[in-house]
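The values are calculated or read from the model by the stated rules, or taken from the named source; none is laboratory data. Note that the structure is predicted; figures quoted are calculated from it, not measured. In this analysis, Cβ positions are derived from the backbone assuming ideal geometry, glycine residues included, and neighbour counts consider all displayed protein chains. Note: accessible area is taken over every heavy atom of the protein model, side chains too, but ligands, DNA and RNA are not part of it. Shrake-Rupley method; radii C 1.70, N 1.55, O 1.52, S 1.80 Å.
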Amino acid sequence: MQKELLLDVKNLSTHFSTDGGIIKAVDNISFQIYRGETVGIVGESGSGKSVTSLSIMRLIAFPPGKIVSGELLYHNENGIVDLIKIPDSEMRRYRGNKISMIFQEPMTSLNPVFTCGNQVDEAIILHQKKTKKEAKQLTLELFKKVQLPNGERIYKAYPHELSGGQKQRVMIAMAMSCNPDILIADEPTTALDVTVQKTILELMADIKNKINSSIIFITHDLGVIAEIADRVLVMYKGKIVEQGTILEIFENPKHPYTRSLLACRPPLGKRLRKLPVTSDFMIEDADGNIIEKDVTINEIIHDVVVPASETEQRLTDLQKLEPILQIKNLKTYFPVRKSLFGKVTQYVKAVDDITLDVYPGETLGLVGESGCGKTTLGRTIIRLVEPTEGSISFMGKNILDLSVKEMKPVRKNMQIIFQDPYSSLNPRMTIGNALKEPMQVHNLYANDKERKEKVIDLLQKVNMKADFYNRYPHEFSGGQRQRICIARALALNPKFIICDESVSALDVSVQAQVLNLLIHLRKEFGFTYIFISHDLSVVKFMSDRMVVMNAGKIEEIGPADAVYNQPQKEYTRKLIDAIPSGELSDIKSRLSTA
Amino acid sequence: MLSYIIKKIIAGIFVLLGVVILVFLLFQLVRFNPAYASAGEQANEQTIQNISKELGLDKSMGMQLRIYLNNISPLSIYNTTDQASSFFLDDKKYNYKKIISFSDKAFVIKAPYLGRSFQTNRSVVNLMSERIPNTLVLACTAILFATVIGIILGVIASIKPNSLTDSICTAGSVLGISLPSFFAAIVLQLIFAYMLAAITGFNLTGDLIVADEYTGENYLSIKNLILPAIALGIRPIAVITQITRSSMLDILHADFVRTAYAKGLSQRIVLFKHALRNALIPVITSVTGWFASLLAGAFFIEVVFQYNGIGLETINAIKTKDIPVAMGAMLFTAGIFVVISVLTDILYSIADPRVKVKSN
């Protein structure tokens, strides 16, 4: 079959000029997009994958960004146009019409003050020159195509009235509204639950086939790529380091970076002592040259597999001790509706009658979709949120009876690491002071000099340099910041740490490093963790026991491997099925059915 | 939505009640016997005592507060028979309508009674209602002018941050903020109503309603409004420009602005349709806040231009220790603030649909 070339990207370079010099965000890359195919672009944040897509749309903000060279040859019925050379007014005719885009954050990508219908209409009226009434008809049809129930309601709804998945469907409807040739999807499912992700991926593949367009799918997660792409580009530091068909990439990855990406995702089938990281496969010298190590994924994984007998032994040993934390019938309700006189008439039952024990040294995983109450449970345990009912006993003491003052020594032993390393560090505080502050609050150590020594010690424990002491958070990457947050939690020598989606905002490769660090620290200090995440594979890797939460209640609890291998509840099964596993067999069966 | 508005109004009524009591207590603190002011300097002891009695000054403070509150409240209970009672329903004082009568008491609805001016013996309510339209016209003109100019300048400055246009707008607004309004008023007066008077035809001072020198007929003099409105508007323009600019800069980085561009919309539509409406929310706070304070009396401006509004009236009342008028003006000011802030809340919920949800 003759493939129809749609977009020919030739030697594209996009640079950003900053105070620190020129950053080559996209560095001389070339690739082709053919009609009907889905091309995945994978890479970690900063690899240039988003800049590539924004360059194609000509949406790079100038200054500081600029497309410095290259050609973007778009083949359409009128011949070939170079998207870089045409004037902006002509580019606007393609944008949103022939080439459209879906963004990562459905929460913020729709304008909050206009109705969803209005926003989809706008593109139709603009490009197809329809009247308002015709546009509404088309929009409602589109809503049906993207499987939004009750289109009339969605049409009139404001974005904040919809769930994340529904918003992303509205975005897809908007991007599809003019039957584009090329649809660019920039991490369209990263902010969504796995179950929702699955439906969105299916929907995108389905619509692509119906209107015979192509998709450029950008993600940091090879598991997602395995579910949707025909061809894959792997980007690293602005360059394409490898490209090939999906089978070539998964069966026989050539570049060490591709191999590390494939390996660093927590595997579902086996239990590992630690996750493989990029440095297991390659190292970079001072000039940025990549030096490949001669290993395969299987060799590395083989060394770190934990035998099932060891896992069982550890579980029995853990449960011999008295629980460090006992939660009984815990309920946390939030008022949602009040009568005119302030009486609460309706609640959200975020945590609804939860009873569980956590044993010293154990890691208890808490998994569930967004809104299931896992974060509220974590916050209630350390009394950041006051429960409505129930009891929490920590190290033999009922902490709900304690006053704020009596709570202070207890807090020393319970710490929390939050999700977003970008907003959980005070930007105006040096790293040293941020780590020293909890020690000062709890009067640990004799003086500031000793505290400083301790902080430097902590920084080294989380693999950071001592001279980071006087730096500010903005100088660090997401992974480094999360390590600083971990160090801050360790500053008080706690016994018990809650990790609330602590790795969710990180790239898979960075996530592997942080998870390894947490495992290492558990071994060194004997911490007890409650590990909260929406990602079942991560929870399974981290935890001894796993709790599946749904609508404020415990759906299922048990040893992590048992819950995964023999799920007892339909809900758990649904969660597990939705995980993009990235297994070769799954890819092959998808390709054969297509 | 309705319950949201009702809630806001009820809260506003409580704030007003607090203000009424506070104003009463403040004037108790002044420790000045209004009887002297009312009777004049040559009054003898007997007159003073009589006037004190008439004004209720011989009563305890608690009793005085009760009388005062009863007089202000639109719904109140009065005595219909005992003329000596402080709660006697006096036809001369109150403009009322009876709702229910029982024995010697009556429950009435009435216009608030704020007493009479010591100077002119006119009812304070009447006096205020004469001045309010003048101030209202001045404040509305000034704020309208400031909002339109301020938002336009703010948007222009935000399109290309740190460019020359942006710098000019920013420098101009810094100048505007630092310029005291009375100074701006005097400068404007000097330039446009004195040096360029021949061209502009503006008067140095003057009221909105002027009596014709020959016929004695009153007529509306719009030109007397222009300079005071500009002088009054300069600082709000500066503030609104700054707020619009910074709010727009935030919004222009938002994801949905990128979505709008990705749709193929032109910059003009993205700026004025998608970005501006979102950016307006903090601007509304500022505009309504300024509007309230302008309404409450552009004291300096009204004095400089001898413009006969609430501000000028208040200053005169304070000068002559005309306590009922001063108290009335304060209450009016507070009332304006409360009404405007309730209106602001309602405006928010129109500009930003998310506000309604948060309030529930």
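Label 7 Å along Cα→Cβ of A:Met429; region A:452-492 residues with amide nitrogen under 11 Å? Zone members listed by number: A:488-489.
What net charge do the residues around B:Phe337 carry, taking every other residue with its C-beta under 15 Å from that of B:Phe337, with Lys and Arg at +1 and Asp and Glu at -1? Display every interim value, and only then the final one.
Numbers: positive: B:Lys8; negative: B:Asp345.
Spelling it out: positives minus negatives among the neighbours equals 0.
Filter the cross-link list A:Lys374/A:Lys408; A:Lys10/A:Lys85; A:Lys270/A:Lys320; A:Lys237/B:Lys263; A:Lys374/A:Lys540 down to pairs whose alpha-carbon distance in this structure exceeds 19 Å. Distance filter (> 19 Å) returns A:Lys374/A:Lys408; A:Lys270/A:Lys320; A:Lys237/B:Lys263. Extending 7 Å from the Cα toward the beta-carbon at both B:Ser266 and A:Glu437 defines two label points whose distance is 4.9 nm. Helix A:508-525 against the longest principal axis of chain A: what's the angle in degrees, Cα atoms only, rounded to the nearest 10? That helix lies at roughly 10 degrees to the long axis. Nearest 0.05, what FRET efficiency do B:Thr165 and A:Lys210 give at R0 = 56 Å with Cβ-Cβ as r? The calculated FRET efficiency here is 0.70.
Given R₀ = 60 Å, FRET efficiency for B:Lys321-A:Phe525 by Cβ-Cβ distance, to 0.05?
0.20
Take the accessible area of chain B alone and of chain A alone, subtract that of the pair, and you get about 2400 Å² summed over both chains, using a 1.4 Å probe.
Note the full-extension length gain between A:Asn179 and A:Asp420 as 0.36 nm times their separation in residues minus their Cα-Cα distance, in nm to one decimal. Before the final figure, lay out each step's value.
Working: separation 241, 0.36 × 241 = 86.76 nm, distance 3.65 nm.
The span from A:Asn179 to A:Asp420 would gain 83.1 nm if fully extended.
Only helices reaching 20 angstrom along their own axis (Cα) with mean Kyte-Doolittle hydropathy no lower than 0.0 count here, and for the DSSP H runs of chain B these are B:2-29, B:124-159, B:164-178, B:223-252, B:276-295, B:323-351. In region B:246-261, burial by the other protein chains removes 20 Å² or more of accessible area from B:Asp255, B:Phe256, B:Arg258, B:Thr259, B:Tyr261, compared with the chain on its own (1.4 Å probe, ligands and nucleic acids ignored). Solvent exposure of region B:124-319 amounts to 47 Å² per residue of accessible area, where only protein heavy atoms count and the probe is 1.4 Å.
With a cut-off of 17 Å on the backbone N, the residues of region B:312-330 near the modelled label site 7 Å out from B:Val15 along Cα-Cβ are B:330.
Roughly how many percent of the accessible protein surface of chain A is carbon and sulfur, given a 1.4 Å probe and a whole-percent answer?
Values: 12900 of 25860 Å².
It is 50 percent, rounded to a whole number.
Spin-label pair A:Leu591-A:Thr296: with each label point 7 Å from Cα along the Cα-Cβ axis, the two points sit 1.8 nm from one another. Protein heavy-atom accessible surface, 1.4 Å probe, per residue over chain A: 44 Å².
Let me check I've understood the local charge: for A:Gly165, count other residues with C-beta under 15 angstrom from its C-beta, Lys and Arg +1, Asp and Glu -1. What total comes out? Don't jump to the answer; show the numbers that get you there.
Working: positive: A:Lys167, A:Arg169, A:Lys198, A:Lys574; negative: A:Glu105, A:Glu161, A:Glu187, A:Asp193, A:Glu202, A:Glu369.
For residues surrounding A:Gly165, the net value is -2.
Evaluate E = 1/(1 + (r/R0)^6) for A:Glu161 and A:Ser477, where r is the Cβ-Cβ distance and R0 equals 51 Å; express this FRET efficiency to the nearest 0.05. Walk me through the numbers before you get to the answer.
Details: r = 36 Å, r/R0 = 0.70.
Efficiency computed from Cβ-Cβ geometry: 0.90.
Projected label points at B:Ala197 and A:Asn289, each 7 Å from Cα along the beta carbon direction, are separated by 8.7 nanometres. Extent of region A:88-189 along its three principal axes (Cα atoms, max minus min coordinate, largest first): 35, 33, 24 Å. Which residues of region A:84-125 show a drop of at least 30 Å² in accessible area when all protein chains are present, compared with their chain alone (probe radius 1.4 Å, heavy atoms only, ligands and nucleic acids excluded)? With the partner chains in place, region A:84-125 has these residues losing at least 30 Å²: A:Arg92, A:Arg95, A:Phe103, A:Thr108, A:Ser109, A:Asn111, A:Pro112, A:Val113, A:Phe114, A:Glu122.
Using a 1.4 angstrom probe on heavy atoms only, work out the carbon and sulfur share of the accessible area of region B:124-319 in %. Write out the running numbers ahead of the final one.
On the way: 6330 of 9120 Å².
The nonpolar share, carbon plus sulfur, comes to 69 percent.
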